[in-house]
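Student: Below is the structure I would like to discuss, written out as structure tokens.
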Amino acid sequence: MASIGLRNAKYNKINYTTKKYETLTDSKVPVLGRLIDAKITEDRNNTTLRADDIIAEKDYSFKGGTLSLTVDDVTDEVYADVKGCEVSEDKEITDNSEDVAQEIGYGKKKKKIYKGVISYKVEFLPRVQITKITADRKTKGESIEYNTVSIEGSVMELEEEINGMKVGDWKKVKSFTTLSEAQTYLDGLL
């Protein structure tokens, strides 16, 4: 199955008081930026117990992961929202060493084709904490070069039930035949 597209880096902050994602303004799910590239890297335990000179037990359980995104740009508001920065009344954003990025749910859609049939796959991570947002910039030269923004986050399993997902859940994936079905599903998760 070939992936032939990528859309919608959407997120919403986790509210641990209500055990749900935050209430949306105008029912619009926030967008991190327009996706260029997305990668999820799993980190798993690799432990063996030897007994009587043989391997008696093995553990390859999930212990975390890394989310790496490249987007076209990140607005100041989104940057402050996911990084936990202070925003003044005149919209000046200040990063502080004491800032703590709030945990978010994150999802995206990818377009796939298999044997000539197009489908849309939603990948959702219920608990992510953004660790870095890096923007590369270059001066204008003889030709225009587009610059992008890299976002990195820690992927974690749920430590308590959120939006009906259970403790230990760390990823959801579902495929759809239409883009609108995939969009409705993703927005419903957030």
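The values are calculated or read from the model by the stated rules, or taken from the named source; none is laboratory data. From a predicted model like this one, the values you see are computed outputs, not experimental measurements. Ideal geometry is used to build each Cβ from the backbone, glycine not excepted, and the neighbour counts take in all protein chains shown. In case anyone asks, the SASA skips ligands and DNA or RNA and just uses the protein heavy atoms, side chains included. Shrake-Rupley method; radii C 1.70, N 1.55, O 1.52, S 1.80 Å.
Student: Express the accessible area of the range 1-90 per residue in Å², computed with a 1.4 Å probe while the remaining protein chains stay in the model.
Tutor: 67
Student: Would you work out which of Thr148, Trp170, Tyr120 lies farthest towards the positive end of the dipole of the chain? Charges go on Cβ: Lys and Arg +1, Asp and Glu -1.
Tutor: Ranked along the dipole, the leading option is Tyr120.
Student: Connecting C-alpha atoms closer than 10 Å in a GNM of the chain, tell me which of Val128, Val74, Val173 has the biggest fluctuation.
Tutor: Greatest mean-square fluctuation among the candidates belongs to Val173.
Student: Carbon-plus-sulfur fraction of the accessible area of the chain, 1.4 Å probe, in percent?
Tutor: 45
Student: In degrees between 0 and 90, to the nearest 10, how far off the longest principal axis of the chain does helix 179-189 point, with axes built from Cα atoms?
Tutor: Value to nearest ten degrees: 80.
Student: Taking the Cβ of Asp37 as the center, what net charge do the other residues with Cβ under 13 Å away carry, scoring Lys and Arg +1 and Asp and Glu -1?
Tutor: Here the charged neighbours net out to +3.
Student: Turning to a different aspect of this structure: Please give the per residue volume of the convex hull enclosing the alpha carbon atoms of the chain, rounded to a whole number of Å³.
Tutor: For the chain, the hull spanned by Cα atoms encloses 216 Å³ per residue.
Student: Treating the beta-carbon of each Lys and Arg as +1 and of each Asp and Glu as -1, no other charges, what is the dipole magnitude of the chain about its Cα centre, to the nearest 20 debye?
Tutor: 1240
Student: First select every other residue whose beta carbon is under 15 angstrom from the beta carbon of Thr148; then total the charges, Lys and Arg +1, Asp and Glu -1.
Tutor: Its environment carries a net charge of -1.
Student: Looking at the chain as a GNM with Cα springs under 10 Å, which of Val82, Val31, Val117 has the largest mean-square fluctuation?
Tutor: Looking only at Val82, Val31, Val117, the largest GNM fluctuation is found for Val117.
Student: Relative contact order, percent, of the range 91-190 when contacts are C-alpha pairs under 8 Å separated by at least 6 residues?
Tutor: Answer for the range 91-190 is 29 percent.
Student: Using only alpha carbon pairs under 8 Å that are at least six residues apart, calculate the relative contact order of the chain and give it in whole percent.
Tutor: Relative contact order, the chain: 24 percent.
Student: Among the aspartates and glutamates, which fall within straight-line cross-link reach of Lys110, defined as a Cα-Cα distance under 15 Å, with same-chain neighbours fewer than 8 residues apart omitted?
Tutor: Counting by Cα, and skipping residues close in sequence, Lys110 has these aspartates and glutamates nearby: Asp37, Glu123, Glu181, Asp187.
Student: Report the net charge of residues surrounding Val173, where surrounding means a beta-carbon distance below 9 angstrom and charges are Lys +1, Arg +1, Asp -1, Glu -1.
Tutor: Result for the neighbourhood of Val173: +3.
Student: Can you figure out the FRET efficiency of Glu89 with Asn147, using R₀ = 30 Å and their beta-carbon distance, to the nearest 0.05?
Tutor: The calculated FRET efficiency here is 0.50.
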